[in-house]
Amino acid sequence: PLFPAATDEGVGGSVAGLHLLTYVNKGVPAGKRGEMSAQAGVGMCIERQANGSIIVTSIVAGGGAAAEGSVRKGDMLLAVDGESVQGKTVESIAPKIRGPVGSTVSFTLSRSGQQYTASMTRTLPSQPAAAGGGKAT
(Lines give C-alpha, C1' and ligand atoms only; values in the text may rest on other atoms or scores of the structure.)
Protein backbone atom coordinates (compact mmCIF):
# COMPACT_ATOMS: atom_id res chain seq x y z
CA PRO A 1 0.00 0.00 0.00
CA LEU A 2 1.07 3.58 -0.62
CA PHE A 3 0.38 4.66 2.97
CA PRO A 4 1.18 1.94 5.51
CA ALA A 5 -0.88 1.63 8.68
CA ALA A 6 0.00 4.35 11.17
CA THR A 7 0.72 4.09 14.88
CA ASP A 8 0.78 6.72 17.61
CA GLU A 9 4.48 7.22 16.91
CA GLY A 10 3.98 7.72 13.15
CA VAL A 11 5.36 5.76 10.24
CA GLY A 12 7.66 6.44 7.34
CA GLY A 13 7.93 4.75 4.00
CA SER A 14 9.81 5.18 0.79
CA VAL A 15 8.25 4.83 -2.64
CA ALA A 16 10.80 5.02 -5.47
CA GLY A 17 12.63 7.96 -3.93
CA LEU A 18 9.51 9.76 -2.74
CA HIS A 19 9.80 9.91 1.02
CA LEU A 20 6.42 9.78 2.68
CA LEU A 21 6.04 10.45 6.37
CA THR A 22 2.64 10.42 8.00
CA TYR A 23 1.96 11.25 11.60
CA VAL A 24 -1.01 10.47 13.77
CA ASN A 25 -1.69 13.13 16.38
CA LYS A 26 -1.51 11.48 19.81
CA GLY A 27 -4.27 13.79 21.05
CA VAL A 28 -6.82 12.62 18.47
CA PRO A 29 -9.02 9.68 19.54
CA ALA A 30 -8.53 6.53 17.43
CA GLY A 31 -12.05 6.81 15.96
CA LYS A 32 -11.37 10.34 14.68
CA ARG A 33 -7.94 9.72 13.10
CA GLY A 34 -9.35 9.11 9.63
CA GLU A 35 -10.75 12.63 9.66
CA MET A 36 -7.32 14.22 9.99
CA SER A 37 -6.20 16.06 6.93
CA ALA A 38 -3.14 14.68 5.15
CA GLN A 39 -0.24 16.79 3.94
CA ALA A 40 -0.10 16.88 0.17
CA GLY A 41 2.23 18.27 -2.48
CA VAL A 42 1.99 19.43 -6.06
CA GLY A 43 3.81 16.57 -7.79
CA MET A 44 7.05 18.18 -8.82
CA CYS A 45 10.61 17.39 -7.81
CA ILE A 46 13.06 20.19 -7.09
CA GLU A 47 16.81 20.29 -6.59
CA ARG A 48 19.31 22.94 -5.52
CA GLN A 49 22.02 23.55 -8.11
CA ALA A 50 25.70 24.33 -7.36
CA ASN A 51 24.98 28.03 -8.03
CA GLY A 52 22.20 28.00 -5.37
CA SER A 53 19.23 28.14 -7.75
CA ILE A 54 16.29 25.79 -7.21
CA ILE A 55 15.37 23.87 -10.37
CA VAL A 56 12.35 21.70 -11.23
CA THR A 57 13.82 18.29 -12.07
CA SER A 58 10.61 16.41 -12.90
CA ILE A 59 6.81 16.60 -12.92
CA VAL A 60 4.76 13.71 -11.53
CA ALA A 61 1.81 12.67 -13.70
CA GLY A 62 -1.49 13.18 -11.89
CA GLY A 63 -0.16 15.87 -9.52
CA GLY A 64 -1.13 19.52 -9.28
CA ALA A 65 1.85 20.67 -11.36
CA ALA A 66 0.91 18.32 -14.20
CA ALA A 67 -2.73 19.44 -14.03
CA GLU A 68 -1.76 23.13 -14.05
CA GLY A 69 0.35 22.48 -17.13
CA SER A 70 2.75 25.41 -17.40
CA VAL A 71 5.66 24.21 -15.22
CA ARG A 72 8.38 22.28 -17.06
CA LYS A 73 11.50 20.39 -16.12
CA GLY A 74 14.37 22.89 -15.92
CA ASP A 75 12.27 25.86 -14.76
CA MET A 76 13.81 27.86 -11.91
CA LEU A 77 11.75 28.28 -8.73
CA LEU A 78 11.96 31.87 -7.43
CA ALA A 79 9.23 32.08 -4.76
CA VAL A 80 6.54 30.05 -2.98
CA ASP A 81 3.40 31.98 -1.99
CA GLY A 82 5.32 35.21 -2.54
CA GLU A 83 8.28 34.22 -0.31
CA SER A 84 11.64 34.13 -2.08
CA VAL A 85 13.50 30.80 -2.09
CA GLN A 86 16.86 32.51 -2.71
CA GLY A 87 19.51 31.14 -0.35
CA LYS A 88 17.20 28.45 1.03
CA THR A 89 17.68 24.70 1.04
CA VAL A 90 15.29 22.30 -0.64
CA GLU A 91 14.55 20.87 2.81
CA SER A 92 13.37 24.28 4.02
CA ILE A 93 11.33 24.97 0.87
CA ALA A 94 9.47 21.63 0.67
CA PRO A 95 7.31 22.19 3.80
CA LYS A 96 6.11 25.51 2.33
CA ILE A 97 4.96 23.69 -0.81
CA ARG A 98 3.14 20.95 1.09
CA GLY A 99 -0.18 21.56 2.81
CA PRO A 100 -3.73 20.28 3.22
CA VAL A 101 -5.19 18.24 0.37
CA GLY A 102 -7.18 20.49 -1.98
CA SER A 103 -5.55 23.75 -0.89
CA THR A 104 -3.63 25.89 -3.38
CA VAL A 105 -0.08 27.17 -3.48
CA SER A 106 1.35 29.84 -5.77
CA PHE A 107 4.79 29.80 -7.38
CA THR A 108 6.93 32.37 -9.12
CA LEU A 109 9.18 30.65 -11.65
CA SER A 110 11.53 31.57 -14.46
CA ARG A 111 12.14 29.98 -17.85
CA SER A 112 14.65 31.38 -20.33
CA GLY A 113 14.85 34.57 -18.29
CA GLN A 114 11.08 35.16 -18.33
CA GLN A 115 9.24 35.13 -14.99
CA TYR A 116 5.77 33.67 -14.66
CA THR A 117 3.41 32.61 -11.88
CA ALA A 118 1.50 29.37 -11.47
CA SER A 119 -1.05 28.30 -8.87
CA MET A 120 -1.56 24.61 -8.15
CA THR A 121 -3.83 22.42 -6.06
CA ARG A 122 -2.14 20.14 -3.55
CA THR A 123 -2.93 16.45 -4.03
CA LEU A 124 -1.81 13.14 -2.58
CA PRO A 125 0.57 11.16 -4.78
CA SER A 126 -1.18 8.63 -6.99
CA GLN A 127 2.10 7.06 -8.16
CA PRO A 128 5.79 7.12 -7.30
CA ALA A 129 7.86 10.19 -8.13
CA ALA A 130 9.05 10.45 -11.70
CA ALA A 131 12.65 9.65 -12.52
CA GLY A 132 14.91 12.65 -12.58
CA GLY A 133 16.02 13.06 -9.01
CA GLY A 134 15.36 15.94 -6.69
CA LYS A 135 13.14 16.30 -3.66
CA ALA A 136 9.51 15.40 -4.25
CA THR A 137 7.07 18.14 -3.22
Close pairs (7 angstrom Cβ cut-off, 6 or more residues apart or separate chains): within 16 Å of Gln39 (Cβ to Cβ) in region 84-108, open to solvent by 50 Å² or more (accessible area, probe 1.4 Å) and at pLDDT below 95 anywhere: Ala94/Lys135; Arg98/Gln39; Gly99/Gln39; Pro100/Ser37; Val101/Ser37; Val101/Leu124; Gly102/Thr121; Thr104/Thr121
Hits in region 54-65 - residues which are open to solvent by 20 Å² or more (accessible area, probe 1.4 Å) and either under 25 Å from Lys88 (Cα atoms) or in a strand (DSSP E or B) (or both): Ile55, Ile59
Region 113-137 - residue that is open to solvent by 50 Å² or more (accessible area, probe 1.4 Å) and within 20 Å of Arg48 (Cα to Cα) and, of those, modelled with the lowest pLDDT: Ala131
Residue selected from region 66-86 under the condition part of a loop (DSSP other than H, G, I, E, B) and either among the basic types (Lys, Arg) or open to solvent by 60 Å² or more (accessible area, probe 1.4 Å) (or both), by the criterion nearest to Glu47 (Cα to Cα): Lys73
Failed item in (1) at pLDDT below 95; (2) loosely packed, with under 13 Cβ neighbours inside 10 Å, with Lys96 passing the rest: (2)
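The values are calculated or read from the model by the stated rules, or taken from the named source; none is laboratory data. These numbers come from a predicted model, not from an experiment. Positions of Cβ are generated from backbone atoms using ideal geometry, with glycine treated the same way; all protein chains shown enter the neighbour counts. These accessible areas exclude ligands, DNA and RNA; they are computed on the full protein's heavy atoms, side chains included. Shrake-Rupley method; radii C 1.70, N 1.55, O 1.52, S 1.80 Å.
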